[in-house]
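**Q** Dumping the structure here so I can ask a few things about it.
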Amino acid sequence: MSAHLTSVRIDRSLLAGPVHVPVQIRCGGGPPDGLPHALRDLDPARIALVTDPGLPRGHAARVLRLLGAAAPTGVLWPDGDGPLVVPDGALAVALGGSRVIEAADRARYADGTRPAVVRLPTTLRAMTDTALSVAGPAGRVAAPALVRIDLEYLATLPPHRLRAGLAPLLRTVLAVVPASAGRVASRLRPGGGYDPGTLASYVSLCLEARAALCSHDPLGRGPAAALRYGEPVARAVRGLAGPGLPYGDALA
């Protein structure tokens, strides 16, 4: 992204079946710091930050400061695919890519109930896909309390990671809104270098397409199954190439 960040402030909502998910898209130009206020509205007794030790330290430190302004905060690292136990009364906040968000969706209190979850995606794939999904395990709707998309996280990603993250956008264009193909294609850059306004438009397009399909099909068993376009081929490609091939690259 350009060193001169464009200010982006977009507030949308995702209506999917019985749930309403606020989605905030931000970049530069003002305090990030509506975040503590938004979290305090959820009235957490404490916060469990679910994140990845590989995340840039600056990202984690900044978010910890913001979370700490809302409630006492601790950190949990996902370990494998098992359930993640969070302290009773805690709000789970997922900071990271798709793997971290999926781990936070498995978070449970000691009694087995699910905590409220806030998603702070840090990769383009997570921003345009995983963080917007409300299809939970066991065929149930599992909606986050808030999705907060900060485009400045993408500035730390190398170009190949950003390119792989475009896969959900391209899938959405091909399978859901083909009329937008020319407009999107004209703004693609093989070498990366996307400005925040362009990235915000990509996230918004994926959000609007998902909202249209999931309004009456939140679990993706009908028309919203189009949002899984390409996944069987991606799994087959990874099966041939081995685990060294990132899922985003296989899907692309």
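**Q** Given the conditions (1) more than 26 Å from Val63 (Cβ to Cβ); (2) of a type in the set (Val, Ile, Thr); (3) crowded, with 16+ Cβ neighbours inside 10 Å, report the number of the one that Ile149 does not fulfil.
**A** Against the list (1) more than 26 Å from Val63 (Cβ to Cβ); (2) of a type in the set (Val, Ile, Thr); (3) crowded, with 16+ Cβ neighbours inside 10 Å, Ile149 comes up short only on (1).
**Q** Residues in the stretch 20-65 that are more than 21 Å from Ser98 (Cβ to Cβ), surrounded by fewer than 21 Cβ atoms within 10 Å (Cβ to Cβ) and among the hydrophobic types (A, V, I, L, M, F, W, C): how many?
**A** 5
**Q** Continuing with the same structure: Check the stretch 205-224 and report whether any residue there is over 26 Å from Pro18 (Cα atoms), at pLDDT 90 or above, open to solvent by less than 10 Å² (accessible area, probe 1.4 Å) and of a type outside the set (Gly, Ala, Ser).
**A** Within the stretch 205-224, not a single residue is over 26 Å from Pro18 (Cα atoms), at pLDDT 90 or above, open to solvent by less than 10 Å² (accessible area, probe 1.4 Å) and of a type outside the set (Gly, Ala, Ser).
**Q** Cβ-Cβ under 9 Å, sequence separation 6+ or interchain: first residue in the stretch 233-246 and in contact (Cβ under 8 Å) with a residue 60 or more places away in the chain, partner β-branched (Val, Ile, Thr) and open to solvent by less than 60 Å² (accessible area, probe 1.4 Å). Which pairs?
**A** That search, which allows pairs on different chains as well, returns nothing.
**Q** Which members of the stretch 184-204 meet the condition of being open to solvent by 40 Å² or more (accessible area, probe 1.4 Å) and either of a type in the set (A, V, I, L, M, F, W, C) or in contact with an Asp or Glu (Cβ under 8 Å, 6 or more places away or on another chain) (or both)? Spell out the reasoning first.
**A** If we filter the stretch 184-204 for residues that are open to solvent by 40 Å² or more (accessible area, probe 1.4 Å), which is where we start, we get 185-191, 193, 195.
Ala185, Leu188 - these are the residues of the stretch 184-204 that are open to solvent by 40 Å² or more (accessible area, probe 1.4 Å) and either of a type in the set (A, V, I, L, M, F, W, C) or in contact with an Asp or Glu (Cβ under 8 Å, 6 or more places away or on another chain) (or both).
**Q** Can you name the residue in the stretch 157-175 that is open to solvent by 40 Å² or more (accessible area, probe 1.4 Å) and under 20 Å from the mean Cα position of the chain (by Cα) and is also nearest to Leu207 (Cα to Cα) among such residues?
**A** Selected residue: Leu170.
The values are calculated or read from the model by the stated rules, or taken from the named source; none is laboratory data. Note that the structure is a prediction, hence the values are computed from the model and not measured. Because the Cβ atoms are built from the backbone with ideal geometry, glycine has one as well, and the counts that use them run over all protein chains shown. Accessible surface is based on the protein model in full, side chains and every heavy atom, while ligands, DNA and RNA are left aside. Shrake-Rupley method; radii C 1.70, N 1.55, O 1.52, S 1.80 Å.
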